[in-house]
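Asks: The following block contains the structure, expressed as structure tokens.
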Amino acid sequence: MNNLLYLLILLLGAATYISAVWQMLSGSYSPSFFSRGVWFLLGINSFAGVLLGGGSKASTILAGALFLGNAVVFAVSYKKGSREFGLAEKISLALLVASTVTWLLLDAPFLGLVMSLVAHFIGGIPTIWRVAKRPHSEQAYHWYFFFSASILSIVASDGTSLKATVFPIYFASFDGLIILLANRRHFTKTK
């Protein structure tokens, strides 16, 4: 049963980034090249933190999908992305450097992972803010895929420690928030 869950996590993780690339190639999504570069580097740090920091097998598969997917989106954003580099990206980049240095100096991959997730959240604040103000600004499809993969990762981890599942718990929460904000227009009545 776990092997089926692992396969579903991998497929949903891949679908997340296939959807994002498809939207970029069709011109309906144009992420910042610099922002995607920071998220790619955070993906490396997160994958290493999950892999070496006691993450469950399901969490490791999910983090691997995030790492590879971010690499592809970063590469495509070179041609199809914008060139914005704002305050959130600067703070995320600084936290990325701090998490890497902390991890290397203290030999603490889990602490590096947590710092990477904080950096991810800060980097995601502009998206949260934009979707909160304009729900139509975000296509929620790729968020659904990674949210589902995150939930399956938690289920497949079968009651292991918080340390082993912090990665999918974070992404289930983050992506779930984006989904709720993007779809709240369906729940509110227009006057």
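Asks: So if I check each of 145, 174, 167, which one is of a type outside the set (A, V, I, L, M), closer than 30 Å to residue 3 by Cβ, open to solvent by 20 Å² or more (accessible area, probe 1.4 Å) and touching a residue at least 12 places away in the same chain (Cβ under 8 Å)?
Replies: None of the other options fit; the residue is 145.
Asks: A follow-up question, please. Do we have residue 101 as open to solvent by 30 Å² or more (accessible area, probe 1.4 Å) and of a type outside the set (S, T, N, Q) here? Give the steps one after another, and end with the answer.
Replies: Details: open to solvent by 30 Å² or more (accessible area, probe 1.4 Å): yes; of a type outside the set (S, T, N, Q): yes.
Taking the combined requirement at face value, the residue satisfies it.
Asks: Let me ask something else about it. Return the only residue of 28, 19 being surrounded by fewer than 24 Cβ atoms within 10 Å (Cβ to Cβ), out of contact with any strand residue (DSSP E or B) (no Cβ under 8 Å at 6 or more places or on another chain) and not in a helix (DSSP H, G or I). Full working, then the answer.
Replies: Values: 19 fails: not in a helix (DSSP H, G or I).
Being surrounded by fewer than 24 Cβ atoms within 10 Å (Cβ to Cβ), out of contact with any strand residue (DSSP E or B) (no Cβ under 8 Å at 6 or more places or on another chain) and not in a helix (DSSP H, G or I) holds for just one of 28, 19, which is 28.
Asks: Here's a follow-up. Out of 94, 75, 119, which single residue is open to solvent by less than 50 Å² (accessible area, probe 1.4 Å) and of a type in the set (A, V, I, L, M)? Break it down into steps so the answer makes sense when it comes.
Replies: Working: 94 fails: open to solvent by less than 50 Å² (accessible area, probe 1.4 Å); 75 fails: open to solvent by less than 50 Å² (accessible area, probe 1.4 Å).
Only one candidate passes the filter, namely 119.
Asks: Right, residue 55: touching a helix residue (DSSP H, G or I) at 6+ places or on another chain (Cβ under 9 Å), surrounded by 21 or more Cβ atoms within 10 Å (Cβ to Cβ) and not in a helix (DSSP H, G or I) or not? Let's see the steps before the verdict.
Replies: On the way: touching a helix residue (DSSP H, G or I) at 6+ places or on another chain (Cβ under 9 Å): yes; surrounded by 21 or more Cβ atoms within 10 Å (Cβ to Cβ): yes; not in a helix (DSSP H, G or I): yes.
Criteria met by residue 55.
Asks: Give the residues of region 1-52 that are at pLDDT below 90 and β-branched (Val, Ile, Thr), sorted by residue number.
Replies: 38
The values are calculated or read from the model by the stated rules, or taken from the named source; none is laboratory data. Here the structure is a predicted model, which is why all the values come from computation and not from measurement. Backbone-built Cβ (ideal geometry, glycine too); neighbour counts: all protein chains shown. Side chains are part of the model used for accessible areas, which takes the heavy atoms of the whole protein and leaves out ligands, DNA and RNA. Shrake-Rupley method; radii C 1.70, N 1.55, O 1.52, S 1.80 Å.
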